[in-house]
Amino acid sequence: MFKNLNCGAIGQKASFEEAVALAREFGFGGVDIDLGYAQEKGAAAVKDLLAQNNLKPGGIGFGLAFREKDSDKAWADSLANIARDAKLAAEIGVTRAATWVPPVSENTPFRQAFQKFVARIKPAAEIMGSYGIGVGLEFIGPRTLRQGKKYGFLYTMDGMRAACAAIGPNAGLLLDCWHWYTCQSTVTDLEQLEAGDVVYVHLNDAPSGIAVNDQVDNKRELPAATGVIDIKGFLGALKKIGYDGPLTVEPFNEPLKKLSVKDAVKATSESLAKAFKAAGV
């Protein structure tokens, strides 16, 4: 496992070159890849920049329009770009792509929504797999996001594991400890995974004094800030199953957003060091 930087995930804006410099300055092991930058500069230039700064490629976004609101045309148009993205990413050395999956379906009962979801993701995942890239799919756990919605969808770890099994061998979890906590999974659940079940990981913490069923998705804390989320158990389980990929902070935290990008990255790095120390990894 390695500390990985994505400035957007901490609410900051930075160019790819700025992100690389900040990652190196504050002791990160990797950085997520900006495919727009890579298309402009070329894969060789990105690889050289990473090597010069002793960084690994973290992951890329999975640019497929697969959600309920996306039309069939939008899905087909985005699918046409997947091979281009996968080829470029593979040339850089990327082996992980990831995205989030809505926890509710506004208009479609679960069975139909599940079938459409798998049908849309499967061909894109197969393309990614042909380039050696895993596709991480994030379940979204908070109960507060499902209130007032008619149809629940894939909002648990086991539900998303079942979807991944239907999609194909390179589909796995984008595992966020916030969603693991809010869907009330356990360390034992994590220990029953295999390393290949987890493609990418997000870390954060939850505000104190709020019941798990009342937690609100966009109000989080930096990893190990409050101790509400069992970061020791979470990281310990990932170590036990042999996960060796990026650990990216995604706190949706307003005070962090108000800092300068440099101070925000520094605070993020310090939070990861605190989490690692607590977990003994």
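The values are calculated or read from the model by the stated rules, or taken from the named source; none is laboratory data. This one's a predicted model, so the numbers in the text were calculated from it and none came from an experiment. FYI the Cβ positions are ideal-geometry reconstructions off the backbone, even for glycines, and counts take in every protein chain you see.
Assorted remarks:
- Taking the stretch 192-244 as the range and being charged (D, E, K, R) and either in a helix (DSSP H, G or I) or closer than 25 Å to G172 by Cα (or both) as the test, the residues that pass are E194, D197, D205, D214, D217, R220, D230, K232, K239, K240, D244.
- Residues of the stretch 245-257 that turn out to be in a strand (DSSP E or B) and closer than 18 Å to G172 by Cβ, as a count: 3
- For the stretch 171-185, residues that are in a loop (DSSP other than H, G, I, E, B) and either crowded, with 21+ Cβ neighbours inside 10 Å or without any contact (Cβ under 8 Å) to a residue 24 or more places away in the chain (or both) total 1.
To keep it simple, each residue is scored yes or no on (1) part of a helix (DSSP H, G or I); (2) surrounded by 15 or more Cβ atoms within 10 Å (Cβ to Cβ); (3) aromatic (F, W, Y); (4) modelled with pLDDT under 95.
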position: L50; (1), (2), (3), (4): yes, yes, no, no
position: R67; (1), (2), (3), (4): no, yes, no, no
position: W75; (1), (2), (3), (4): yes, yes, yes, no
position: A80; (1), (2), (3), (4): yes, no, no, no
position: L88; (1), (2), (3), (4): yes, yes, no, no
position: V94; (1), (2), (3), (4): no, yes, no, no
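- Tally of residues being of a type in the set (A, V, I, L, M, F, W, C) and part of a helix (DSSP H, G or I) across the stretch 96-141: 11
- Which numbered condition R111 misses (of (1) basic (K, R); (2) closer than 28 Å to L247 by Cβ; (3) without any contact (Cβ under 8 Å) to a residue 40 or more places away in the chain): (2)
- Scan the stretch 161-181 for residues that are more than 20 Å from I10 (Cα to Cα) and touching a Gly at 6+ places or on another chain (Cβ under 8 Å) and the total you get is 7.
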